[in-house]
Amino acid sequence: MGENNNNRSDIASRIRELRESVGCSAEQTAVHLGIGLPEYLSYESGGLDVPISILYEIAGQFGVDLTDLMTGKSPNLQQYCVVRDKKGPEIERFPGYRFQSLAFDFQGRSFEPLLVTLDPAKNRSIGLVTHVGQEFNLVLSGRVRVVLGGRPVDLNTGDSIFFDPTIPHGQLALDESSAIFLTVITRDNPTDFHKKKEPIC
């Protein structure tokens with residue numbers, strides 16, 4: 001387990017504080033993200049888990065790194081970043097789906113490598129999400145079902161899949177034991193992955 005203060009309520013507080021610090025209203029932010037105000041306010045209150053795609057969008061629009069939202073600290077390494085076993089910051093996106101950042105302390109990342117653990121005891125359904133860019137999954141242990149636009153693709157240990165994440169997708173452990181997979185997510189233009197965008201307020 002990671003040793004960072006990054007549970008749902010902590011992330012929600014950071015999002016709200018970041019928005020308030022730049023003088024944006026919740027309404028402006030929701031419109032910019034393309035979601036309804038009630039959904040956005042649920043993210044800020046910690047009532048709903050924030051999808052990784054929304055976290056990326058918030059970080060980019062407010063000119064911070066994803067690590068700032070996950071840990072409350074900015075990345076500070078420029079040459080290399082070592083993450084020891086089980087020492088990266090973790091987020092439980094929803095019950096039974098937990099991911100760990102594998103490059104959280106490296107500045108200006110052009111892609112995001114994450115180690116995902118699926119716990120079948122807690123997660124019996126797949127929450128579908130979408131985001132821009134590209135995504136790669138490599139199953140390290142167990143068996144994983146990836147659903148792409150309603151079509152299931154079953155993967156065994158050692159299998160991988162590369163796909164367009166604008167297709168609604170999600171993952172689920174197929175067996176009674178946990179499954180672990182590596183996912184790598186990038187944006188359409190890697191040079192813009194963590195670049196500050198035009199202000200939304």
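Of the set (1) within 29 Å of residue 84 (Cα to Cα); (2) part of a loop (DSSP other than H, G, I, E, B); (3) modelled with pLDDT under 80, all apply to residue 165 but (3). Screening 112, 135 for residues that are touching a helix residue (DSSP H, G or I) at 6+ places or on another chain (Cβ under 7 Å) and either charged (D, E, K, R) or closer than 11 Å to residue 179 by Cβ (or both) leaves exactly one candidate, 112. Name every residue in region 62-91 that is touching a Ser or Thr at 6+ places or on another chain (Cβ under 8 Å) and exposed (fewer than 11 other Cβ atoms within 10 Å of the Cβ), in order of residue number. Listed by number, the list is empty, since nothing qualifies. Pairing each residue of region 22-50 that is within 9 Å of residue 12 (Cα to Cα) with any residue that is loosely packed, with under 13 Cβ neighbours inside 10 Å, provided the two are 6+ apart or on different chains, yields C-beta distances under 6 Å for 46/9.
Per this entry, residue 105 is not counted among residues that are acidic (Asp, Glu), assigned by TED's automatic domain parsing to the domain that holds residue 23 and surrounded by 17 or more Cβ atoms within 10 Å (Cβ to Cβ). Each residue in region 173-201 was checked for being at pLDDT 90 or above, in contact with a strand residue (DSSP E or B) (Cβ under 7 Å, 6 or more places away or on another chain) and more than 23 Å from residue 85 (Cα to Cα), and 1 pass. Per the listing 82, 31, the residue uniquely farther than 25 Å from residue 168 by Cβ, of a type in the set (Val, Ile, Thr), more than 15 Å from the chain's Cα centre (by Cα) and modelled with pLDDT of 90 or more is 82.
The values are calculated or read from the model by the stated rules, or taken from the named source; none is laboratory data. Quick caveat: nothing in here was measured; it's all calculated off a predicted structure. Here Cβ is always computed from backbone atoms with ideal geometry, including for glycine, and neighbour counts include all displayed protein chains.
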